[in-house]
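Here the structure is laid out as structure tokens; the discussion comes afterwards.
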Amino acid sequence: MSFIGNDIVSLTDVNNRVSFQNDRYLQKSFVPRELDEIKKFGKKWPFLLWSCKESAYKARVKQDHRKPFCPINFQVYHSPVCPKGTGNYTALSGQVENEGHILITKSWVCNDYIHSICSTEGFDGMNIIYGLRKNVNVPPGRQSACVRKLVIGNLAHKLNVDVRNIKIKKDRETEIPVAMIDNSDSEMDLSLSHDGEFVAFACIISI
Amino acid sequence: MTATDINNKITGILSKYVFNKKLILKATPDFRLTKDLKINSARVVDIVLDIEDEFEVEIDNKSLEKIKTISDLTSLVNSLLSAKK
């Protein structure tokens, strides 16, 4: 069974910027090799590594619901940087190692955000949808509603289902989101995220 | 430092990172930082750094990976302060 995680990191969020400039914060979050990469590749690199770590955690926690997020235990590897992309983003592929498990990541680096998705079994042959939206002026407390609306709209379009028949619920114990279609668990694996003005999701439609 | 002092200081640190202040008012020791208090996971590391500064202790990675709830933080601070004596 394959699980997916996703994470969006706002590059303009003041708290993020302050944290990733704090040496002690970096020491607690990244291993020495990652710290060397941050020195080498510049200001956006810690944001990229973090989004990969968190997206990997969100996939791994579905395999072990009790797992807490300890960023330093998720080590990110990108091949010698060969960015691909057109327009105003750069796309990167990578791997995350956690306790002997290797997970596969894809990331998109833009001027004001980094979005990463991660799968426990890679992306080959999978029908995956993902997306993000920038919501200017949305109060922080309304971000969850915004990301649900984004997912429902995308799923309705992809599956040709009326939006009124799709609901996003969270498992009470694990807080893992579940897409309900016609009041039944769709069994599609779903991951939601938001940060600052951004909301994002990734979903395995089928394997 | 009494247990109440420790709890109050930890609550004060957490409240900096909780957007919905009502959550911190009704928080119980078993509240999870990210799930129940809705603290962004990137801020959990900030909380650990604030606790290190406030209590003049050092929290290692082994301890960091065990922190899920308010109670985990309180127990950790108590044990670190006891070890300092």
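Averaged over its residues, chain B has an accessible area of 55 Å² per residue, based on protein heavy atoms and a 1.4 Å probe.
Per-residue ellipticity at 222 nm for the protein assembly as shown, helices alone: DSSP H runs ≥ 4 residues times -39500 (n - 2.57), over residue total, nearest 500 deg cm²/dmol? Mind dumping the intermediate values first?
Details: 10 runs with 110 residues, N = 292.
Result for the protein assembly as shown, helices only: -11500 deg cm²/dmol.
Just the number, please: carbon plus sulfur as a percent of the accessible area of the stretch A:52-207, 1.4 Å probe, no ligands or DNA/RNA counted.
Values: 3610 of 7880 Å².
The computed percentage sits at 46.
Give me the percent of the accessible area of the stretch B:19-67 that comes from carbon and sulfur atoms, probe 1.4 Å, all protein chains in place. Carbon-and-sulfur percentage of accessible area, whole number: 51.
Fraction of C-alpha pairs exceeding 15 angstrom in the stretch B:1-84: 52 percent, rounded to a whole number.
Remark: the stretch A:189-194, residue by residue, has Karplus-estimated 3J(HN,Hα) of 7, 10, 9, 10, 8, 8 Hz, where x stands for each Gly or Pro and the curve is 6.51 cos²θ - 1.76 cosθ + 1.60 at θ = phi - 60°. Within chain A, the ratio Rg/Rh, alpha carbon atoms throughout and Rh by Kirkwood, equals 0.96.
Once you order the gyration tensor axes a ≥ b ≥ c over the Cα atoms, which shape class does the stretch A:95-207 get: rounded for a/c under 1.5, otherwise prolate or oblate by comparing a/b with b/c? Before the final figure, lay out the partial values.
On the way: a/c = 1.58, a/b = 1.11, b/c = 1.42.
Taking the square roots of the gyration eigenvalues as a ≥ b ≥ c, the stretch A:95-207 is oblate.
Residues whose amide H falls under 5 Å from that of A:M126, counting only those 5 or more places apart or on a different chain, are absent, with hydrogens built in the peptide plane. For the stretch A:1-42, heavy-atom accessible area (probe 1.4 Å) falls by no less than 40 Å² from the chain alone to the full protein assembly at A:R24, A:Y25, A:K28.
Probe radius 1.4 Å, ligands and nucleic acids left out: can you give me the accessible area buried at the B-A interface, summed over both chains, in Å² to the nearest hundred? In total, chains B and A hide about 1900 Å² from solvent. Each label point was placed 7 Å from the Cα along the Cα-to-Cβ direction; for A:F41 and A:R17 their separation is 2.2 nm. Where does helix B:41-55 land angle-wise versus the long Cα axis of chain B, in degrees 0 to 90, nearest 10? Once rounded, the angle reads 40 degrees. Per-residue 3J(HN,Hα) values for the stretch A:12-22, derived from phi via the Karplus relation 6.51 cos²θ - 1.76 cosθ + 1.60 with θ = phi - 60°, read 9, 5, 4, 4, 4, 5, 5, 4, 6, 9, 9 Hz in sequence order (x marks Gly and Pro).
Averaged over the residues of peptide B:30-43, the number of Cβ atoms from other protein chains lying within 10 Å of each residue's Cβ is 4.
Residue pairs exceeding 25 angstrom between C-alpha atoms, taken from A:K53/A:K170; A:K28/A:K53; A:K44/B:K9; A:K170/B:K38; A:K28/A:K134; A:K58/A:K158: A:K44/B:K9; A:K28/A:K134. Accessible surface computed residue by residue for the stretch A:60-192, with neighbouring protein chains in place and a 1.4 Å probe, gives 55 Å² per residue.
If you stretched the chain out fully between A:R66 and A:E173, how much longer would it get, using 0.36 nm times the residue separation minus the C-alpha to C-alpha distance?
Difference between extended and current length: 37.5 nm.
The values are calculated or read from the model by the stated rules, or taken from the named source; none is laboratory data. This one's a predicted model, so the numbers in the text were calculated from it and none came from an experiment. As a convention, Cβ positions derive from the backbone with ideal geometry for all residues, glycine included, and neighbour counts pool all protein chains shown. With ligands, DNA and RNA removed, areas are computed over all heavy atoms of the protein, side chains included. Shrake-Rupley method; radii C 1.70, N 1.55, O 1.52, S 1.80 Å.
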